[in-house]
There are 2 protein chains.
Amino acid sequence: MNALSHFSINQMTVKQLSLPSLVEACVNLAVPAVGLWREPVAEYGLEAAAKLVRDAGLTVTSLCRGGFLTALEPDARTLALADNRAAIDEAATLGTDTLVLVSGGLPPGSRDLVAARERIADALSELAPYAGERGVRLAIEPLHPMFASDRCVVSTLAQALDLAERFPTDQVGVVVDTYHIWWDDTAPAAVARAGGSGRIHSFQLADWVTPLPAGVLNGRGQLGDGAVDLRAWRELVEAAGWTGFIEVELFNDGLWARDGVGVLEETAGRYLDCVFR
Amino acid sequence: MNALSHFSINQMTVKQLSLPSLVEACVNLAVPAVGLWREPVAEYGLEAAAKLVRDAGLTVTSLCRGGFLTALEPDARTLALADNRAAIDEAATLGTDTLVLVSGGLPPGSRDLVAARERIADALSELAPYAGERGVRLAIEPLHPMFASDRCVVSTLAQALDLAERFPTDQVGVVVDTYHIWWDDTAPAAVARAGGSGRIHSFQLADWVTPLPAGVLNGRGQLGDGAVDLRAWRELVEAAGWTGFIEVELFNDGLWARDGVGVLEETAGRYLDCVFR
């Protein structure tokens, strides 16, 4: 078995690579799968991107991202729903079964987390059947609590599951991303709960490093550089029944400043050393 | 009743003020209580500081801070325990019944959160009786999960309570600080649990504002500037039985750059507007 047989590289990790360069590098390095982002896919052309990855034999493990479903104003909400339907369509065209959702933060001036979470559920009730009809699963990604106000009011895996479990398993599930949940002593139980009901729709890795940069968005650590016991998390998620790809998604200014193929090679190596073996 | 009768200003909020200036400003503004920090107290002189606040009639609501109890090496652990005993003594001298503990992060190279938390419990078993004999309560402060690796492996109020409840109530309790727990949907239940067993030893406020600055330490928002429903948290903590002071502790480069008395006045005003009324 190819040691990288379950490795997937998220496009954002090496965003300095054009889509054709990314695909070529994956083929050359025997990386079998990619996670894609809507913006660079749209830039290249959706149909062309779908053909490019298909012809290269790559699996598309996820599309990032839908979500941002917490708006209060009816017009903003209508726009968000339309955008999410478009994202679902794009996922189907790309041949991936998973659309990652970043649920959205508090609307300006609001301090009501409970109501924001409930608006996400309302939106999912409209989007989930639409996704299901197209063979796409919506994967709610809990984001680290440091993003609770401005990006995602869903901060723990248990919260994500509370939302997902209101819908059919093949329509709504969760993302398990070590960067966001590594600190949480209740997350292992939530992983087991998610796996037991088939709700793990994506498994992503990044390491936790400090100091965090200003804005805290682009400080995700290369595998092995930080505080996360990545091997233990892999074992935990696999013990919960996960047999799918393991996607590495790093937002890191330092990595983006380097040669993208070199970063991909390093990341695959770290995956083997810190996660897989 | 003086509207500020339960207001306490943490020294760090206006760290640009010398201790005598802080005390004078509190007296002038009818602020009845302060939370102190060890370093500026030591700089002024422990006994002199104790006399200064006592003579001014101020209540010392807490001393910050003990903790950092996660070291692996025996020598480092011995040092930490000695330092915490000194902090307990200082708290007693200052006439406060509460020493705030920031428990400590992962030691260099370690990825074992569970073991680090257990070392905190081990240390508490040595420190708690010492504190109890001196009339000082150790207050475990859960820090926001963004500090889990480098400052505090205790990230939720529930975790803090799990630790505290191993010890007598009058020896070990918790800090409820809105900045650290506002995002957590399990925190309200933990507040009730803490209050029901008399484990709330300190109630602190700060608001959550973004973007976070590099290093994320000094980005705490002035009351009312951010995402936290401060009034709701006050009501929640009071519903759990809290009748003590409410301490405002802001680490904020912008506030520190301003006139300290003005910041104290503004903070008292915000407390009245955003928390109390």
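If I filter region A:88-117 down to residues being over 23 Å from B:D207 (Cβ atoms) and not hydrophobic (A, V, I, L, M, F, W, C), which single residue comes out as nearest to the chain's Cα centre (by Cα)?
Looking only at region A:88-117, we keep the residues that are over 23 Å from B:D207 (Cβ atoms), and these are A:88-102.
Applying the additional criterion that residues be not hydrophobic (A, V, I, L, M, F, W, C) yields A:89-90, A:93, A:95-98.
Working: A:D89: 17, A:E90: 15, A:T93: 18, A:G95: 16, A:T96: 12, A:D97: 12, A:T98: 9 Å.
Looking at residues that are over 23 Å from B:D207 (Cβ atoms) and not hydrophobic (A, V, I, L, M, F, W, C), I get A:T98.
Taking B:G221, is it within 11 Å of chain A (Cβ to nearest Cβ) and of a type in the set (G, A, S)? Judged against the criteria, B:G221 is a match. Put simply, of A:D162, A:D170 the only residue that is of a type outside the set (S, T, Y) and either assigned to a loop (DSSP other than H, G, I, E, B) or in contact (Cβ under 8 Å) with a residue 12 or more places away in the chain (or both) is A:D170.
Here is a check on your reading of the model: is B:I140 closer than 20 Å to A:L143 by Cα and surrounded by 23 or more Cβ atoms within 10 Å (Cβ to Cβ)? Considered against the rule, which asks whether it is closer than 20 Å to A:L143 by Cα and surrounded by 23 or more Cβ atoms within 10 Å (Cβ to Cβ), B:I140 comes out as no.
Considering only residues in region A:180-190 that are within 11 Å of chain B (Cβ to nearest Cβ) and either among the acidic types (D, E) or not in a loop (DSSP other than H, G, I, E, B) (or both), the one that is farthest from the chain's Cα centre (by Cα) turns out to be A:D185.
Which members of region A:237-263 meet the condition of being over 19 Å from A:T61 (Cβ atoms) and part of a helix (DSSP H, G or I)? Scanning region A:237-263 gives A:A239, A:D253, A:G254, A:L255, A:W256, A:V261, A:G262. The residues of region B:98-114 that are under 28 Å from B:G244 (Cβ atoms) and either touching a His at 6+ places or on another chain (Cβ under 8 Å) or within 11 Å of chain A (Cβ to nearest Cβ) (or both) amount to a single one, B:T98.
Residues checked against (1) assigned to a strand (DSSP E or B); (2) surrounded by 23 or more Cβ atoms within 10 Å (Cβ to Cβ); (3) aromatic (F, W, Y):
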site: B:R220; (1), (2), (3): yes, yes, no
site: B:L223; (1), (2), (3): no, yes, no
site: B:E235; (1), (2), (3): no, no, no
site: B:E265; (1), (2), (3): no, no, no
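Screening A:R134 on (1) more than 16 Å from A:V175 (Cβ to Cβ); (2) within 14 Å of chain B (Cβ to nearest Cβ) shows it passes everything except condition (2).
Residue-level check: of (1) of a type outside the set (S, T, Y); (2) more than 8 Å from chain B (Cβ to nearest Cβ); (3) without any contact (Cβ under 8 Å) to a residue 12 or more places away in the chain; (4) closer than 24 Å to B:A227 by Cβ, A:E238 misses just (4).
Going by the conditions given, is B:L63 within 21 Å of the chain's Cα centre (by Cα), outside any helix (DSSP H, G or I) and not small (G, A, S)?
Values: within 21 Å of the chain's Cα centre (by Cα): yes; outside any helix (DSSP H, G or I): yes; not small (G, A, S): yes.
Answer is yes for this residue.
Just a yes or no: is a residue in region A:157-179 modelled with pLDDT of 95 or more, within 10 Å of another protein chain (Cβ to nearest Cβ) and farther than 23 Å from A:A131 by Cα?
Taking region A:157-179 first, the residues modelled with pLDDT of 95 or more are A:157-179.
Right, trim to within 10 Å of another protein chain (Cβ to nearest Cβ) and you get A:158-159, A:162.
Keeping just the survivors that are farther than 23 Å from A:A131 by Cα gives none.
No, the conditions are met nowhere in region A:157-179.
Does region B:138-146 contain at least one residue that is over 13 Å from B:N84 (Cβ atoms), within 14 Å of chain A (Cβ to nearest Cβ) and part of a helix (DSSP H, G or I)? There is at least one residue in region B:138-146 that is over 13 Å from B:N84 (Cβ atoms), within 14 Å of chain A (Cβ to nearest Cβ) and part of a helix (DSSP H, G or I).
Here B:R85, B:R151, B:R117 are screened, and the one residue that is surrounded by fewer than 24 Cβ atoms within 10 Å (Cβ to Cβ), closer than 18 Å to B:F167 by Cβ, within 11 Å of another protein chain (Cβ to nearest Cβ) and at pLDDT 95 or above is B:R117. Got at least one residue in region B:205-218 being under 17 Å from the mean Cα position of the chain (by Cα), over 18 Å from B:P142 (Cβ atoms) and surrounded by fewer than 24 Cβ atoms within 10 Å (Cβ to Cβ)? There is at least one residue in region B:205-218 that is under 17 Å from the mean Cα position of the chain (by Cα), over 18 Å from B:P142 (Cβ atoms) and surrounded by fewer than 24 Cβ atoms within 10 Å (Cβ to Cβ).
Counting the residues of region B:121-157 that are farther than 19 Å from B:A92 by Cα and among the β-branched types (V, I, T) gives 3.
If I filter region B:191-202 for residues that are without any contact (Cβ under 8 Å) to a residue 24 or more places away in the chain and either in contact with a Phe, Trp or Tyr (Cβ under 8 Å, 6 or more places away or on another chain) or in a helix (DSSP H, G or I) (or both), do I get at least one hit?
Start the filter on region B:191-202 by keeping residues that are without any contact (Cβ under 8 Å) to a residue 24 or more places away in the chain, which leaves none.
No - not one qualifying residue is present in region B:191-202.
The values are calculated or read from the model by the stated rules, or taken from the named source; none is laboratory data. Since this is a predicted model, take the numbers as computed values, not measurements. Backbone-built Cβ (ideal geometry, glycine too); neighbour counts: all protein chains shown.
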